[in-house]
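Taking it in order: structure first as structure tokens, then the write-up.
The values are calculated or read from the model by the stated rules, or taken from the named source; none is laboratory data. Not measured: the values here are computed from a predicted model. Counting neighbours? That spans all protein chains shown, and the Cβs are built from the backbone with ideal geometry, glycine included. Side chains included, ligands, DNA and RNA excluded: accessible areas come from the protein's heavy atoms. Shrake-Rupley method; radii C 1.70, N 1.55, O 1.52, S 1.80 Å.
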Amino acid sequence: MARRIAGLSGFRRYGLAVAAGAAAALSMPPLNLWPMLFVAFPVFLLLLESGKGSGFGPGWAFGSGYFALAFHWIGFAFLIDAATYLWMMPFMLGALAGGMALYWGLAAVVAKRLGVAGLPLVLFLAVALGTAEWLRGHLLTGFPWAAPGLAADGMGGLAQLASVTGMTGLSVLIVLWAGLPSVLLSGSRTPKLIAAALLALLPLAWGFGALRLDQARGDLVPGVALRIVQPNIGQEQKWRESNARNIFDTLKSLSMAPTPEYPEGIGGATHVIWPESAVPFLIDESQFAKTELTPMLGGRTVLITGSIRRDPETADGAGRKVHNSIIVFDGEAQPVARYDKWRLVPGGEFLPFESLLEPLGFRRVVTVPGSFAAGPGPRTIAVPGAPSAAMLVCYEAIFPHDLIDSTQRPGFIVNVTNDGWFGRSTGPYQHLAQTRLRAIEQGLPVVRAANTGISAVIDPYGRYAKRLPLMAQGVIDSGLPVALAVTLYGRWGDLTALFLVIILTAGAVIGRQQLRTS
């Protein structure tokens, strides 16, 4: 079979590379078919090693197959208003998948040029692809969704390694381990022994995670009683002005409802959390909202809600900036803190190359009374009656870096989102899994409120204390898990991944020299 794969040419060769990339994407949540990685990467390495070109073509084709399947859920957003946006879907999805695959194509060029063949090629590919993933998360605003390291979500205790290496380090290691079977199935005795030793690190890392979880505690912050509200408002209904009253009433009703945990209803909760852009109006400017929230909160319960917010009017009459925000209201329904989203969604909250694309008919998927403006960056927000919190709006949770204010470590993370754009696709599951990895990386609990799901309370080990299923209406009543001491990744960030890259690069260089002299 290896000889037949190596002998492929033309469309068959690139078609197999695309298929192998799509197979690798099956490792992503919710399928979590991570064993497919150990089939897909050896096939790709065989194509890369046997090809005569630079390696860019197979690398780009492999990445295109991977990202096309991993990102297919984005297409659901264009179906919300199909008459307006459906024609844009193939262009946007094709450009996104093909654009992200450029990183993998360039990584393949580097790996093939430096790695030659065998074990050095596997080592250089892990280093090059890990570096490409780091760049993908930083350049042009960054979009690190569906990094190979996310496969750890379905690999049990292995996900705990994120507390040391972060997402980038996980991606390096998973690509390394997935590629090593290609060395075990061919090559001389010494590379096989080294490959077997490196592959043995996988169960050891898994065991480290299992031991960490076995020793985990489940302490709760005293005096904090959370209620997370998941209203399950369909995206096609969410921004209709005529639905404002009904949406607000639904949120209030769920917030006040008695449950087995809080028989007295909202009186049992110290903090209520509503999802991203919870209501289709400016809640902090609405007098009727304040009038109705005041008796609901009863002078004791704090409301944390996602909301569209406008800056105050300026004396010169300049346009008021609009923000996608989180607003904290005290028990008297007075806004006491706010956080403005600073990582805006390309094509959603802003249109890249707007001056070029708008004349062609392209538009932002999200429309607001003005233009979305970015906030100042990660901040630690004081929350009355609870530890201070890092706030994340929607897809800000997919970024491992610049997640929290490094000068003031919070006690927990609040993530509000509206995944209603993506229906019952894989998107909400992948979004949740990436948020879970942020908890493990930082050693901080995450409180997540999602409009249509999946809402959850996640402890600092990444364990789900409670969660609501997708497309369900209801509440989560829960305590707040206690944060851990700062993790190694929380202290050093991606320097831990850099250390790993340096070690593997040194090993690859030594292996290449031995290969040339043998």
Residues located in region 144-157, provided they are surrounded by 22 or more Cβ atoms within 10 Å (Cβ to Cβ) and over 20 Å from residue 23 (Cβ atoms): 144
Residue within region 188-199 that is over 24 Å from the mean Cα position of the chain (by Cα), closer than 24 Å to residue 448 by Cα and open to solvent by less than 70 Å² (accessible area, probe 1.4 Å) present: no
Residues that are open to solvent by 40 Å² or more (accessible area, probe 1.4 Å), touching a Leu at 6+ places or on another chain (Cβ under 9 Å) and modelled with pLDDT of 70 or more, drawn from region 66-97: 68, 69, 72, 89
Conditions (1) part of a helix (DSSP H, G or I); (2) touching a residue at least 60 places away in the same chain (Cβ under 8 Å); (3) surrounded by 20 or more Cβ atoms within 10 Å (Cβ to Cβ); number of the one not met by residue 27: (1)
Qualifying positions in region 130-143 - in contact with a Pro (Cβ under 7 Å, 6 or more places away or on another chain) and open to solvent by less than 30 Å² (accessible area, probe 1.4 Å): 133, 136, 137
Verdict on residue 448 being in contact (Cβ under 8 Å) with a residue 40 or more places away in the chain, in a strand (DSSP E or B) and either within 16 Å of the chain's Cα centre (by Cα) or more than 25 Å from residue 70 (Cβ to Cβ) (or both): yes
Scan of region 206-229 for residues that are more than 30 Å from residue 173 (Cβ to Cβ) and in contact with a helix residue (DSSP H, G or I) (Cβ under 8 Å, 6 or more places away or on another chain), ordered by number: 225, 227, 229
Any hit, region 460-482, residues being open to solvent by 40 Å² or more (accessible area, probe 1.4 Å), closer than 27 Å to residue 410 by Cβ, modelled with pLDDT of 95 or more and assigned to a helix (DSSP H, G or I): no
Residue selected from region 1-16 under the condition without any contact (Cβ under 8 Å) to a residue 60 or more places away in the chain, part of a helix (DSSP H, G or I) and under 12 Å from residue 50 (Cβ atoms), by the criterion most open to solvent (accessible area, probe 1.4 Å): 3
Identity of the residue in region 391-431, within 16 Å of the chain's Cα centre (by Cα), assigned to a strand (DSSP E or B) and hydrophobic (A, V, I, L, M, F, W, C), that ends up surrounded by the most Cβ atoms within 10 Å (Cβ to Cβ): 416
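Tell me, which helices (runs of 4 or more DSSP H) wholly within region 165-283 include 1 or more residues that are modelled with pLDDT of 95 or more and closer than 25 Å to residue 437 by Cα?
Qualifying helices (runs of 4 or more DSSP H): 189-214.
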